[in-house]
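Undergrad: I'd like to ask you about the structure that follows.
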Amino acid sequence: MFLSDYISEIFNATKSLLKGMRRTGYYFTHHKQIITQQYPDVKQILPERFRGEVVMTHDEKNEHACTGCTACELACPNGTIKIITKFDILPDGKKKKAIDTFIYHLELCTMCNLCIEACPTDAIKMAQNFEHSVYDRSQLTKTLNKPGSKIKEGIE
Amino acid sequence: MLSLESITNSIHAWLNNTFNPTLALLLEFVIVGTCAIGLFTVLGLVLVLMERKVSAYMQIRLGPNRVGYGGSMQTLADTLKLAVKEGLTPDGADKFLFNLAPFIVIIISMLILAPIPFAKGFQIWDMNIGVLYVSAVSSVSVIGILMAGWASNNKYSLLGAMRSGAQIVSYELSAGLSILSIIVLTGSLKISDIIASQENGWWIFKGHIPAVIAFVIFIIAVTAETNRAPFDLAEAESELTAGFHTEYSGMKFALFFLAEYVNIFIACSLGAILFLGGWMPLHIGNWSGFNHIMDFIPSSIWFISKVFFLIFVIMWFRWTFPRLRVDQLLNLEWKYLLPISMFNLLLMTLVAIMGWHF
Amino acid sequence: MKAEAFTIDHLLFTIDHPPFTKNNHLTASQIIFYIISAFILGTGLLAVTTRKIFRSAIWLLFSLIGIAALFFWMELEFIAAVQITVYVGGIVVLIIFSIFLTQKSGNQMAKPVRSRAIFAGIAVLIGFILSYLLISQYDFQPAGNQPLDASVGNIGTQLMSTGEHGYALPFEAVSILLLAAMIGCIVIAMKADKKQETRNKAQDNTRENVQDTRDKNEENERIINA
């Protein structure tokens, strides 16, 4: 029957449209459950595995655990890390290899985590900082060891 | 009591006492023009902000909240940005028509403002044919859109303009028929008469089911006529980038944008006048106590709140429904809205003749 | 602002004069009349002389709007609104549509051949002289002071009246003509088998349908009234 089909079509269309409007109306009146992340004001808690940049951990005595073995430099697939080593003179007159500067090119890094896995002493790790924007790319070349820092006792 | 009517009357009297009639008339023209432009600006700012906030809340978002308190200055900042932007004209465009089109659109929406009563006795021109004038002049705005689309020398613009033309021309029919079904009841096209006839109740209540059907059809049709989602095929951003105003930038784009919102305001105020009694307070039959309380609310507040309620409904549509396809759009008009509204008009005539309305 | 302050008749009668008095000095109303007329004629001339077809349609549009303005000037608001709805909102839109659908609508049209231009000029001149002679010889009676009742209600009753000066017969004739046009359109559209084409045709014929449906509705109303 043509007419009854026509009318039932209109009826069903109206019903489904009203259903949709009820849904949005519900959201409109319940705006406490906002899903917007208010990023700069409220920072999201990132998952533990999130990789933002490579950092070198320093303890409170400004000591790190990097022996300058260059395992990370070798592990890096795109030459992000460059380690310049030097030889410290120990009190007993022996020379000991140590890092002078740990250069890290953030702009080249793909956050692949291979350097961290390669490190035998767990000197470097991935930090969660992701706000890396700067005005010049030279600022992305970072020195990871803090000035005046030295290697921890007992790490070979 | 201070009302808009008394203010305008005193201004009118003061001008006529101070200057000779011709000069007073000219001064009144200037005042009205300034008021209209001011209203346009305020409407643009308020409606765009309202749209963004409503859409945000409907999508469980926050919406603009950076500029000013709760984002209240956001649209002002946007306008400022648009005002200082360069208005580009594409190389292959028909420069004269390209630059003319936004002005045509905005002038048309300014012209339609003339018979809208914002409060009791607060109306620019209460002409004999008020409602017909609105629907006639608003049909010209499609020319501006077609002109913009063609003069841009861009296939997306042209497609958008053609869609818009087909859409506006077809939806004008059911809008006109639903307006007619109220005119059948009032027996006058004059807006003040239409409002006066609703003193003891609004037509949507007095006119039974036919009035409700006419109201629904009217709202659907004006949503389509103002090119708003779900009927925004003319500027469908996912298919046509921005349709007829793809090539416009800066202030010329702002004029199109403003005209869209002013058109919504005017369409909704027409709906409020015809179905919800314009500035008439809500009166229920013989409850004189209730009616008396309602009379205390100023007429301008009644009008504005009704209009904004309708605007909210239209925004509600926009943020709920997906966009129609072109064939679905034309099917909806020619196979559903038009036959229903014609039948509805007949029904309404029957109601009017038999005097079944209150 | 105040409603009555801005009606046209305020403008016309505060600056005191009936239209078309043979005063030597111009009144404001006459100036407005001349401005509107110049606008109509100027845009009309541009419509026929421009070599871009879309611009020509736009000038035609302005000319028609000018005519509507003239109706407003004569305080025949209903006719003016109908003029705008039918001509500007309907016919010009359809003209523009058909321009959009033709190829090379953006190109300049070729310059007319000189001989053709000369003949066209002569034809225009003869037509102008002829109409000037006719107008100058016809004794125009001023409409007098009794106001013309052009209210919507009056127009409606006149249109439906079967008595003297009633327009029921022409109205019905036009209705039948439009109905025939609509049926013709549907028949032409139906021949194409594909559904898609039917839709397109239906859309092209919009305006005729509009007019006809309106007429039909009025007719139906009348039948119910009777």
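Undergrad: Only one of (1) away from every other protein chain (no Cβ under 14 Å); (2) buried (at least 20 other Cβ atoms within 10 Å of the Cβ); (3) under 21 Å from the mean Cα position of the chain (by Cα) is not met by residue B:253, so which one is it?
TA: Just one mismatch for residue B:253, condition (2).
Undergrad: Follow-up question, since we're still on this one. Right, residue B:7: under 22 Å from residue B:229 (Cβ atoms) and within 11 Å of another protein chain (Cβ to nearest Cβ) or not?
TA: No: the conditions fail for residue B:7.
Undergrad: OK, next. Just give me the residues in the stretch B:102-158 being closer than 21 Å to residue B:237 by Cβ and without any contact (Cβ under 8 Å) to a residue 12 or more places away in the chain, in sequence order.
TA: If the condition is that a residue be closer than 21 Å to residue B:237 by Cβ and without any contact (Cβ under 8 Å) to a residue 12 or more places away in the chain, then B:155, B:158 are the ones that fit.
Undergrad: Please indicate, with yes or no, whether at least one residue in the stretch B:280-289 is surrounded by fewer than 22 Cβ atoms within 10 Å (Cβ to Cβ) and part of a helix (DSSP H, G or I).
TA: Within the stretch B:280-289 (the criterion being surrounded by fewer than 22 Cβ atoms within 10 Å (Cβ to Cβ) and part of a helix (DSSP H, G or I)), the answer is yes, since at least one residue qualifies.
Undergrad: Can you tell me which residue is nearest to residue B:129 (Cα to Cα) among those in the stretch C:148-186 that are of a type in the set (D, E, K, R) and more than 13 Å from chain B (Cβ to nearest Cβ)?
TA: Among those that are of a type in the set (D, E, K, R) and more than 13 Å from chain B (Cβ to nearest Cβ), it is C:172.
Undergrad: Please work out which residue is surrounded by the most Cβ atoms within 10 Å (Cβ to Cβ), limiting yourself to the stretch B:109-123 and to residues that are under 16 Å from the mean Cα position of the chain (by Cα) and not in a helix (DSSP H, G or I).
TA: B:115
Undergrad: So in the stretch B:153-208, with the set limited to residues that are away from chain C (no Cβ under 11 Å), under 30 Å from residue B:294 (Cα atoms) and aliphatic (A, V, I, L, M), which one is nearest to the chain's Cα centre (by Cα)?
TA: Checking each candidate, the answer is B:179.
Undergrad: Scan the stretch B:302-350 for residues that are within 19 Å of residue B:277 (Cα to Cα), within 13 Å of chain A (Cβ to nearest Cβ) and surrounded by fewer than 20 Cβ atoms within 10 Å (Cβ to Cβ) and report the count. Let's see the steps before the verdict.
TA: Here is the first cut: in the stretch B:302-350, the residues within 19 Å of residue B:277 (Cα to Cα) are B:302-314, B:348.
Right, trim to within 13 Å of chain A (Cβ to nearest Cβ) and you get B:312-314.
Within this subset, residues satisfying the condition of being surrounded by fewer than 20 Cβ atoms within 10 Å (Cβ to Cβ) are B:312-313.
Matching residues across the stretch B:302-350 total 2.
Undergrad: If you don't mind, another one. Quick check on this structure: which one of A:51, A:22 is modelled with pLDDT of 85 or more and more than 14 Å from chain B (Cβ to nearest Cβ)?
TA: Numbers: A:22 fails: more than 14 Å from chain B (Cβ to nearest Cβ).
Answer to the selection: A:51.
Undergrad: Follow-up. Looking at residue B:54, is it part of a helix (DSSP H, G or I) and at the interface with another protein chain (Cβ under 10 Å from one of its Cβ atoms)?
TA: yes
Undergrad: Would you say residue A:95 is without any contact (Cβ under 8 Å) to a residue 40 or more places away in the chain and in contact with a Phe, Trp or Tyr (Cβ under 9 Å, 6 or more places away or on another chain)?
TA: Yes.
Undergrad: With respect to residue B:278, is the statement that it is touching a Lys or Arg at 6+ places or on another chain (Cβ under 8 Å) and either away from every other protein chain (no Cβ under 13 Å) or acidic (Asp, Glu) (or both) true?
TA: yes
Undergrad: Here is a further query. Scanning for something in contact (Cβ under 8 Å) with a residue 24 or more places away in the chain, within 11 Å of chain C (Cβ to nearest Cβ) and not charged (D, E, K, R), does the stretch B:12-30 turn up at least one residue? So that I can check it myself, show each step before the final result.
TA: We begin by selecting, within the stretch B:12-30, every residue in contact (Cβ under 8 Å) with a residue 24 or more places away in the chain; these are none.
No, that holds for no residue.
Undergrad: Sticking with this structure for a sec: Identify, please: which residue in the stretch A:128-156 is among the hydrophobic types (A, V, I, L, M, F, W, C) and not in a loop (DSSP other than H, G, I, E, B) and is, among those, surrounded by the fewest Cβ atoms within 10 Å (Cβ to Cβ)?
TA: Looking at the filtered set, the residue picked out is A:140.
Undergrad: Considering only residues that are in a loop (DSSP other than H, G, I, E, B) and of a type in the set (Val, Ile, Thr), look in the stretch A:31-76 and name the one that is farthest from the chain's Cα centre (by Cα).
TA: Ranking the candidates gives A:34 first.
Undergrad: Follow-up question, since we're still on this one. Give the stretch B:57-108 a look and list any residue that's under 28 Å from the mean Cα position of the chain (by Cα) and within 14 Å of chain A (Cβ to nearest Cβ), or say none.
TA: B:57, B:58, B:59, B:60, B:61, B:62, B:63, B:64, B:65, B:70, B:71
Undergrad: Taking residue B:128, is it farther than 23 Å from residue B:232 by Cβ, of a type in the set (S, T, N, Q) and within 13 Å of chain C (Cβ to nearest Cβ)?
TA: yes
Undergrad: Tell me, please, whether a residue that is surrounded by fewer than 15 Cβ atoms within 10 Å (Cβ to Cβ), among the polar types (S, T, N, Q), at pLDDT 85 or above and assigned to a helix (DSSP H, G or I) can be found in the stretch A:77-92.
TA: No - not one qualifying residue is present in the stretch A:77-92.
Undergrad: Can you tell me which residues in the stretch A:40-69 are β-branched (Val, Ile, Thr) and surrounded by fewer than 17 Cβ atoms within 10 Å (Cβ to Cβ)?
TA: A:42, A:45, A:55, A:57
Undergrad: Scan B:293, B:340, B:301, B:273 and give me the residue that is assigned to a helix (DSSP H, G or I), within 27 Å of residue B:57 (Cα to Cα) and out of contact with any Lys or Arg (no Cβ under 6 Å at 6 or more places or on another chain).
TA: After ruling out the rest, the residue left standing is B:301.
The values are calculated or read from the model by the stated rules, or taken from the named source; none is laboratory data. The model shown is predicted, which means the values in this text are computed figures rather than measured ones. Cβ: placed from backbone, ideal geometry, glycine included. Neighbour counts: every protein chain shown.
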